[in-house]
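The values are calculated or read from the model by the stated rules, or taken from the named source; none is laboratory data. All of these numbers come straight from a predicted model, not from anything done at the bench. Here Cβ is always computed from backbone atoms with ideal geometry, including for glycine, and neighbour counts include all displayed protein chains.
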Amino acid sequence: MNPILITPDDMAAGEPVSQDRGEENEAAPLEPAESLGASGPKKENAQFTFDDMKLKVGDRLQLQPPAQLTQERFLVKVVGYLNGSSLLMTVPTTVNGLRLQLREGEKVVMRSFSGQNVFGFSSTIERLCKIPYEYMHLSFPEKIQGMLVRKAPRIKTHIVVAVQKSGAGKESEKVPGLIANMSASGAALDAKQPLGENGDALTLAFRVNLHDIDTYLSIRAVIKAILTGGNANPPKPDIIRHGIEFQDLQANERIIIQSLIYQEMIENPHKAM
């Protein structure tokens, strides 16, 4: 069996991998961890156990159906599992809310994130159930491949933020900015004017949408680097990029940021950096 492709680009692209329904649905070899932004030397495919994925009821996985059925990828949820026997998942639906027309005996590829790892495995649809609700039994994965994404996963974002120099009065001017990418420890902050110098402290006020709920955050940060031109190609001289490091995050703030990052990595894997 060929290695399962679990790079963020593949998770977004949906390239054909099988010609006939019922044939094994496989993909190309896994790219080295370094290509996903991981620190340290390149690493080849690694084998993991089911327990390494740390799946819980309600966790979301990405399902890749047989390529001739559709090239889309779908999010499904874990209903439960019996170790060594069966993995129970919800049935994928289309954007119109219709059930995807899968068939028993077909192969699917599943992908998930857990901690700092991304995992991929192949399963067979053993049973499609409609009572008391629609769900499916997948064959319990025998081989699970994975890799380290990066020490601090980072995603592309487009978050509008109000920036204020820390220590300034409440009435001091707030400057608009844009968080272009983010990790759990910092972000790339673009603005049309300098927000300070290296070492200056800032307060960032912004909203994020986590599981369809808007959450307001007010976070302190320190400027670590300044680069003109932003992230444009060619560079835009009117944009100044500030590399910032979050400071003194509260437990709930850290959880919200980390959850946002992994939500985006699952739902919009093309945003992973």
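Scanning the range 126-179 for residues that are modelled with pLDDT of 90 or more and in contact with a Phe, Trp or Tyr (Cβ under 6 Å, 6 or more places away or on another chain) turns up CYS129, PRO141, ILE144, ILE159, VAL161. Name the single residue, out of those in the range 52-85 being of a type in the set (Gly, Ala, Ser) and more than 13 Å from SER112 (Cβ to Cβ), that is surrounded by the fewest Cβ atoms within 10 Å (Cβ to Cβ). Here the residue is GLY84. One residue stands out in the range 180-190 among those that are within 21 Å of ASP238 (Cβ to Cβ) and in contact with a Lys or Arg (Cβ under 8 Å, 6 or more places away or on another chain): the one that is surrounded by the most Cβ atoms within 10 Å (Cβ to Cβ), namely LEU189. Among the residues of the range 214-273, those identified as within 24 Å of ASN198 (Cβ to Cβ) and at pLDDT below 75 are THR228, GLY229, GLY230, ASN231, ALA232, PRO235, LYS236, PRO237, MET273.
For the range 184-213, how many residues meet the condition of being at pLDDT below 90 and outside any loop (DSSP other than H, G, I, E, B)? Count: 3. Pull up the range 244-263, narrow it to residues that are among the hydrophobic types (A, V, I, L, M, F, W, C) and in a strand (DSSP E or B), then point me to the one that is surrounded by the fewest Cβ atoms within 10 Å (Cβ to Cβ). Of everything passing the filter in the range 244-263, PHE246 is surrounded by the fewest Cβ atoms within 10 Å (Cβ to Cβ).
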